[in-house]
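Worksheet: one structure, shown below.
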Amino acid sequence: MRESFGRLNPQPFTESTTLGGQPATLRISHDDGYLKDHHPSAVCDTTLLRSVTSMGQVDEVQMRAEAGDRIADFKLATIAASAGRVEEALTLLRARAEADDRFAAYRLAGLLATQGRVEEAQRVLRARAEADDQFAAYQLADLLATQGRVEELVALLEPLADAGDTNASGRLDFLMAGQGWFQDAYMRLKERADAGDDDAAYWFATLLAKEGRFEELRRRADTADPFAAWRLATLLAEHGHAEELRGRTAAGNGYAGAQLANALEAAGRAEEASEVRQYGLSNERVSVNTTRAPINTRG
């Protein structure tokens, strides 16, 4: 364990805060955007499958799955799980995972965890982590953190961090903050983020959002930190700060624009939402680029 962590007494940390609707320590599912980022060949099929699923054409998805399309398998598993057919979903994902499909393994572990079958999820991830799958190691660390198994998560991530994996380093600090070493983790992340480490900036913004530190996020967002701007926009939306979202959207902040558009859409104001997505709040027909979250390759 890091010496500096070992010297400190545990400190209070806000529990059970959610980020984007998910517990901060259980971000272990991967949506189609993640698959597209890592499997360019899946882009067209993913778009089509989303379309046919939304139209209820499940037979088309089934046919593709039977033809060996793994993205279709994921869709079928999602459909089954959302309909309460969890064992069916697990069977589909387990078959893919056992065929060495790492993305199926990630989803399998995620679904097991949401069902409270954390030990099973850990076994799935540990097998892949021991085969040098870094994303599995990251997700396993997240699960270990939810159980307070500090020494294990440090033993898992510290060798990766020491080998130069800045994502593992940032994630380790973030998780250790939640285990009672908040101040030390905070200072580590801030120092590296200020020095230009993007992974540290991502995890620092995530930590600030988890703690609800609006002012710090505002300061960083206003000095062109995209991760802070993204987390701040999400936090403002979660707390109903519509006027600030409007102000930031009018100033050309794409992350705020995306959150404002989502809020308008949820309120049944679809036309206004579409206008904001295309043009922001300006009278001029100039796009403000309502940016989605920064691409997450951090697991």
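Read-outs throughout are calculated quantities, based only on the coordinates presented, and are distinct from any laboratory measurement. Source: prediction; values computed, not measured. No Cβ is skipped: glycine too gets one built from the backbone with ideal geometry, and neighbour counts run over all protein chains shown.
Key figures
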read-out: Label point distance in nm, Arg117-Asp194, each placed 7 Å from Cα along Cα→Cβ; value: 4.7
read-out: Contour excess over end-to-end distance, with Cα ends at Ala224 and Val58 and 0.36 nm allotted per residue; value: 55.4 nm
read-out: Virtual spin-label span in nm between Glu265 and Arg102, 7 Å along Cα→Cβ; value: 3.1
read-out: Whole-Hz ³J(HN,Hα) from phi, Karplus 6.51 cos²θ - 1.76 cosθ + 1.60, for the range 184-191, glycine and proline x; value: 5, 5, 4, 5, 4, 5, 5, 4
read-out: In order through the range 259-265: 3J(HN,Hα) via Karplus (6.51 cos²θ - 1.76 cosθ + 1.60), integer Hz, x for Gly, Pro; value: 5, 5, 4, 4, 5, 5, 5
read-out: Under Karplus coefficients 6.51, -1.76 and 1.60, residue-wise ³J(HN,Hα) of the range 217-225 in Hz, glycine/proline x; value: 5, 4, 4, 6, 4, 6, 10, 6, 8
read-out: Fewest-first sequence of Tyr255, Tyr279, Tyr138, Tyr186 by Cβ atoms within 10 Å of each Cβ; value: Tyr279, Tyr186, Tyr138, Tyr255
read-out: FRET efficiency for Ala242 and Ala67, using Cβ-Cβ distance with R0 set to 45 Å, rounded to 0.05; value: 0.45
